[in-house]
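Since every read-out is calculated from the coordinates, none of them should be taken as a lab result. Everything numeric here is computed off the predicted structure, so don't read it as measured data. Here the Cβ positions follow ideal geometry from the backbone for every residue, glycine too, while neighbour counts run over all protein chains shown.
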Amino acid sequence: MTFLTPVPLPVTLDTEWSAREAWATVRPVLAELGVTLRLTSVWTEGLYASGRRNHWSFAFDLVEVRAVGSAQLSLRQEEPGGSVHAAVGVNLRPWITPGSVAHVLAEGGAVPASVVELMNRAVPGLGEGVLDLDRQGGFSWSELSRRWSERPGLPQAWPDSTTAYEAFRRKGVDFEADAEDKTELTARIGPSGVPGWELLPSFPARRFLSFDDLARADDG
């Protein structure tokens, strides 16, 4: 399901917002759905200066109905000094999509060999890994329910993009001169389960700052 809603704004607002400023506008729109929100990631592309942008995206879970979604907030100004207009686009889908590999296995079905081969081509060993997990009971509805309930989300008080921007800048990232560093800034749960802000691309070294690191930097 997809829907787009305009959001009325005071005419004095800036044309670029931080991530938390954007979330403050997006969250009431999602609250109209009437279910618990679990925010899982926040991102923007083309970050140049100050940690603010005119477009932000948010990924989230709708806990009680086991659905996942994304919301995009866009700001635009018709003319310099004119009113700022905001629109929020929302996409929703079931966490386990009917007909997907997980759904087929949860219903006791078999995944065709051609699909397993396709998964192996995409990621070597993925197809066999999925089948092994199924043999261990990893795709039973009870196990899927447990995984859903334990899915991690971002904490309520996550650091703003402006805080992440300043922290990366202090570490030597030149947002204005280095085109690579303008690609994407993302708040997410890292591989070790630690939430943080990541600057992508992250080569040659991974640029990831945990929320705890950012809090300590602010305290210092």
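For region 69-183, how big is Rg over Rh, using alpha carbon atoms and the Kirkwood form of Rh?
Numbers: Rg = 21.9 Å, Rh = 19.1 Å.
Rg/Rh: 1.14.
Assuming R0 = 35 Å, can you tell me the calculated FRET efficiency for the pair ILE189 and ALA113, based on Cβ-Cβ distance, to the nearest 0.05? All intermediate terms of the calculation are to be shown ahead of the outcome.
Numbers: r = 34 Å, r/R0 = 0.96.
Here the calculated transfer efficiency is 0.55.
Using the beta-carbon distance between ARG93 and ARG135 and R0 = 30 Å, what value does 1/(1 + (r/R0)^6) give for FRET efficiency, to the nearest 0.05? All intermediate terms of the calculation are to be shown ahead of the outcome.
Details: r = 28 Å, r/R0 = 0.92.
Here the calculated transfer efficiency is 0.65.
Provide, for q = 0.23, 0.27 Å⁻¹, the log10 of I(q)/I(0) from a solvent-free Debye sum over equal Cα point scatterers in region 101-150.
With no solvent term, the Cα-only Debye profile gives -0.83, -1.00.
Compute the signed sum of charges (Lys and Arg +1, Asp and Glu -1) over the other residues within less than 12 Å, Cβ to Cβ, of GLU150. Intermediate values should be presented prior to the final figure.
Working: positive: ARG38, ARG146, ARG147, ARG151; negative: ASP61, GLU143.
Net local charge, GLU150 excluded: +2.
Give the long-range amide H neighbours of LEU154: residues separated by 5 or more places, or on another chain, with amide H under 5 Å away, using H modelled in the peptide plane at 1.01 Å from N.
Distant-sequence amide H within range of LEU154: LEU39, THR40.
For the pair HIS85/GLU45, report the inter-label distance in nm, with labels modelled 7 Å from Cα in the Cβ direction.
2.3
Between LEU200 and GLU166, what is the spin-label point distance in nm, taking each point 7 Å from the Cα along the Cα→C-beta axis?
2.6
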